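Participant: The structure follows.
Each reported figure results from applying straightforward, stated rules to the coordinates on display, with no laboratory input. Remember, predicted model here, so these are calculated numbers, not experimental data. With ideal geometry, Cβ positions are generated from the backbone for all residues, glycine too; neighbour counts draw on all protein chains shown.
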Amino acid sequence: MPLPMFERNWQFNVNQALPWTTDRPTTKRKYLWAIKNSMVISPSNPWQVVRSCDAVSIANGDLWTNYTKLIWSGTNNGGGNRSWCVLRQPAISPYFEMCIGHLWHGYYQYDYAAVFSLHFCPGGYDLTTGNLTTRPSPRAGAAEYNITNPSDSGDPFTMAGGSVDWNYVLHYIQSSDGLSTRVVVCQDGRVLTYLFIDVPKDVIPTTAQWPSPAVFNYEEATTNTSDFPNLDATVYNRYYTQNRAKTQFAGPTNSSIYFSGEHLRGGPIGQQDLWQFPDRRFWHGPNNFTGEWQMLPIGVVSHDVGGKRGRIGRLCDLWWGQTTIPTGAFYAAPGAAVNTGRHIQFGHMIFPWPSATPVVLV
Amino acid sequence: VQAPKLTKTWTIISNQRIFEGRPGGWDERVRQRSRLLLLIKDTLVALGWRPIRSMAAVNHSNPWNGHGVSGGAGPGPGDMWGGWTQVCYDTANHPDWDIKPADWVPGSPGHWQYYYCSWCNLSGGLEGVYTHNCQIHSWIILAPPLSSGSHYQILIDWASDNNQIYEGGWHQFHVSATGFTGGGERTVAPTAGANWSWVNQQWGGSTWGTAGAANYDYTVHGMISNDGKQTRLLSCFNGLVDWTFTLDVLDKPVPSSAAWSDPTVISFFSSGNTTRYYLYPLGYGRCNDGAPFYTRWSDGSTSALYATSEGYGGATFGEDLPCPNEFTGAWEVQPVALYSFGTTGKLGRVGTLTDSWWAPTRIIDGTLLATQDSRRLAVFNNMALPWNTNAAPLFGELGQGT
């Protein structure tokens, strides 16, 4: 049986090496800059920088022309100018925007960190607002969804800062129609961070109920907290067991989202723990009858109270895999002479991948 | 899925009711079991199942307690269960009027310490005669419609085993993938070929017997797809689904025909005994946490199958979401996939049940749901099954019997 066909066309900018440089803030401003750059240079339906600040000036365009333009505020958030950037993806809705902001560095939690915040504003920002120290405000009737970092008790992100000097590899995967954007950053063989903005298929709410029908989040596999330490950013524990994905319904009403999957005996099939079934160790292998590894659809479920509960769609060209499949493994049809290299597992999810391109994880 | 699409046309025999036999007493209870077994058999026949062979013991009319079996007819081909009086269990207590001093036996005069049962010609001490077991009883074998392509067979066997008087007999329900071809006498039902059979001994016996504190009516529902490949049978009492039988020849089996030449899955389950009110035969706890479906592979090995569902947050979708989809106002149901689990070399998804869906736990038994083509589903425990009427299913509530 062949592997599933993609429902969307995909464009890739994968295996971008982000080596450790002189210091942590410099390394991490390159990291953020690479994410922004990847988003705006996609050949088809790229994201647009609609307003930005380089801590010196403000413009309705892209001032982040070099990583040096990402300026952190004073140590320990001590004030002063800082950079921010608003990106828009009009393929989702006319003013669907994301803001990277709140940059500062200093000793944060356990590490000397470079901190940033991430905000989604499906209704768009007021592009006449924002100054050298503060990001723009939402336009009238719009509202932000502030992506807090649950690993750090809701504080901003540390860019997965750790006590070691890391090299990163960034994989940018975006659909040509602009409806799916997935940023997977690996470090030392694992998925360190995952940023996604995804318009599901088979959307159930009406446009009036869900004017910007995208789910989104940014997740870090932090090492300095007790919340999933060292777990990949794309695992069942985050999105299946917990409602870590986000969206915004009409209102605007922010809502958290579960990613559903096939369920058996108390958990997702791909995560059935070996200790639960010590006599059934072969469970974590392929289907014995076909030789196929399971690629399970991912449903999108809103569970927040307030009239927004129910299944609202399914993710496109993204599947749940099995926990025993390592990050970086390719999927091939059983018996196929050639591994097409178009389906790759990161964490517990299976992504589209450019054919015949070896993956770099370290 | 909201308002799912039915893939097949269904024949549904719904809301068949029988009366427990008030004002009560063990005699009526036993007769009620006879009526219920007959109704289940008749429903299967009405759905197109074929009686292959049967034994019809005859209920012994007794002025004291109504228990007893005479020789009856059979065994023989086809359906010999013409009426409920021919559906009997073997008794350990033949009627008092048949127990006589042994000197009534010709040729054995004067031995008053011995007794004799005129029904089965057994003599011995008084206690032994009163508790003896002549083992004559009714049984019947049914095969699914030929169009199903399935080789599975059902054996309904009212084999008395224990506590017959107090619990109405130990009904046994066997299913064999290869047919019941061994033996078959007045006193013992045939055995399955290849020594392979499942039996649910909870069905009947202590299970139904626990209803003895009160009298209930029963409701039986039967459903079959137009091509005969899917059969559903439900027996309800006291407002609950008490027992279910499912046979599903999978329309799109995952394993090859070489590995699975007869892609039939079956399940039969009662609600249990002491915990009967918590173990719903078609519940998530029974079918998703447990593996109540069975099948047999081409190599003769067998597997238990789990019924998987979409889930999130640590439970199935139907357990998690406490309300209809709040964007559409409609309840959501999920497909029922089957996973083989636990047998080396036979692991993985094997297919999906046809026209069966997981339902939310918040929906009560009997709720009717709409399909895409304006047909209906009815909710039984946590599953939504095809339904054919605007009338809600009955569940053997007291007073509904006829």
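Participant: By count of other Cβ within 10 Å, fewest leading, how are A:Cys121, A:Cys99 ordered? If you can, show how the numbers build up before the last one.
Facilitator: Numbers: A:Cys121 27, A:Cys99 24.
So the ranking, lowest neighbour count to highest, is A:Cys99, A:Cys121.
Participant: Taking beta carbons within 10 Å but only from partner chains, what does the mean come to for residues A:206-212? Intermediate results must be reported in sequence, preceding the final value.
Facilitator: On the way: counts 2, 0, 0, 3, 1, 0, 0.
Shielding by partners across A:206-212 averages 1.
Participant: Short version: ³J(HN,Hα) in whole Hz for each residue of region A:288-296, in order, from phi by Karplus 6.51 cos²θ - 1.76 cosθ + 1.60 (θ = phi - 60°), x for Gly and Pro, what are they?
Facilitator: 5, 8, 10, x, 8, 7, 6, 10, 9
Participant: Pairs B:Lys8/B:Lys252; A:Lys308/B:Lys8; B:Lys5/B:Lys346; A:Lys201/A:Lys308; B:Lys252/B:Lys346: which are spaced more than 25 Å apart, C-alpha to C-alpha? Intermediate values should be presented prior to the final figure.
Facilitator: Values: B:Lys8/B:Lys252 14 Å; A:Lys308/B:Lys8 34 Å; B:Lys5/B:Lys346 30 Å; A:Lys201/A:Lys308 18 Å; B:Lys252/B:Lys346 17 Å.
Beyond 25 Å: A:Lys308/B:Lys8; B:Lys5/B:Lys346.
Participant: How large is ³J(HN,Hα) for each residue in region A:206-214, as worked out from phi by the Karplus curve 6.51 cos²θ - 1.76 cosθ + 1.60 (θ = phi - 60°), to whole Hz, x for Gly and Pro?
Facilitator: 6, 4, 5, 7, 9, x, 10, x, 10
Participant: Please order A:Lys28, A:Lys246, B:Lys100 by the number of other Cβ within 10 Å, starting at the fewest. Don't skip to the answer; put the middle values down first.
Facilitator: Working: A:Lys28 27, A:Lys246 19, B:Lys100 15.
With the sparsest Cβ surroundings first, the list reads B:Lys100, A:Lys246, A:Lys28.
Participant: Amide H neighbours of A:Val115 under 5 Å, counting only residues 5+ apart in sequence or on other chains, H built in-plane at 1.01 Å?
Facilitator: A:Trp104, A:His105, A:Gly106
Participant: List every residue whose amide H lies under 5 Å from the amide H of B:Thr308, counting only residues 5 or more places away in sequence or on a different chain, with H placed 1.01 Å from N in the peptide plane.
Facilitator: Hits under the 5 Å cutoff: B:Ala337, B:Leu338, B:Tyr339.
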